[in-house]
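Worksheet for the structure shown next.
Every number in this text was worked out from the coordinates using simple rules, so none of it is lab data. From a predicted model like this one, the values you see are computed outputs, not experimental measurements. Ideal geometry is used to build each Cβ from the backbone, glycine not excepted, and the neighbour counts take in all protein chains shown.
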Amino acid sequence: MTAIRKGFVPLFIIIVVVLAGTGCLGREAPASPDKAPPALLIDYHRTGGFAGVDDHLLLFDNGAGLISTRSITREFQLNNSELQRLDLIFRQAGFASLEDAYTSPRGGDDFMAYRITFGNKTVVTEDTVVPFTLQSVIRELNAIITSRSTPDLAPALLANMRT
């Protein structure tokens, strides 16, 4: 019996060394040098209006996006040409040189309020005082929310055709 125990001890030591070398003893493997996580490109929030809209759009530099409304939260992906189009729209609007706030002193409950962050710049405005150059940016961001927040009807239509 002691001979078995003597043979077991070296085998046990070998198993522990092998397991330790493969990281199976609870040690975390060293972090691999992956790419940096995507950076936030656009943060757009529109609120207000007669219906009480509360829409939020986050878009990252890799094209990944997230839309959150009162009724849904949905992920989506923009392709490179869509990202380039957005960049062009922001540059043509002179977004970086806009003032930080365009608001009306009279306010209004039925007005839409907008907060747009692009890069390191944030602009806040509302319906009655949106600068002309910013209108194309808001129109494009609203179009993204509308087009990407509606469900894809193709699978539902196909399912109905099969029954």
FRET efficiency for Arg91 and Arg139, Cβ-Cβ distance as r, R0 = 25 Å, nearest 0.05? 0.95
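Compute the projected area of the convex hull of the Cα atoms of the stretch 40-150, averaged over all viewing directions, and report it in nm² to one decimal place.
Averaged projected hull area, Cα only: 6.6 nm².
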Given backbone amide H placed at 1.01 Å from N, residues whose amide H is under 5 Å from that of Met112, ignoring those fewer than 5 places away on the same chain, are Gly49, Asp127
Which residues among the stretch 75-108 fall inside the zone where the amide N is under 20 Å from a point 7 Å beyond the Cα of His56, along Cα→Cβ? 75-78
